[in-house]
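The block underneath contains the structure these notes are about, expressed in structure tokens.
Just so it is clear, none of the values below were taken in a lab; they were calculated from the coordinates. Only a predicted model underlies this, so the values are computations on that prediction, with no experimental measurement involved. Counting neighbours? That spans all protein chains shown, and the Cβs are built from the backbone with ideal geometry, glycine included.
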Ligand SMILES: [Zn+2]
């Protein structure tokens, strides 16, 4: 147990809380569950742990750059950024607050949890599309009458849907 408060650590949490997701700037990487930990490594160095969302999401290097920039700006160097693959990221980690922000931004947040018990530890498995998901509600009007137009939306993490009531297309953040 550490008796003294670690101000650098607290400050690092503070600045990283506000680092936005590069693809969905209304939510932070903490709210999406990408920021896993800010801690002292065994050698005493400040260590930030981030986890990739969907495999192949090109945003990961951008996120590492943004984290580095935030820490540099707060003069918290030296530090190191570690990525972890276990436990594998899941949309279950997205906070309720962030789900609301996604909806307000026009992206339907993931519904339910990822299908299949292997979901949480699927880092080494290929991503397969799960066809039996309930249709996401329209983020514009709340209608459940939506149809999938494409498996991939503006990024591989999202699917493109259209509302059958208000006719608006929207991105759906796929559960994973
Ligand atoms: Zn609608």
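Data table
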item: FRET E, pair residue 95, residue 151, Förster distance 25 Å, beta-carbon r, rounded to 0.05; result: 0.45
item: Contour minus Cα-Cα distance for residue 26 and residue 62 (0.36 nm per residue); result: 11.4 nm
item: Likely footprinting exposure, 173, 152, fewest C-beta neighbours within 10 Å first; result: 152, 173
item: Residue-span extension gain [residue 37 to residue 7] - 0.36 nm each, minus C-alpha spacing; result: 9.2 nm
item: Projected-area average for region 2-83 over all orientations - Cα convex hull basis, square nanometres; result: 5.4 nm²
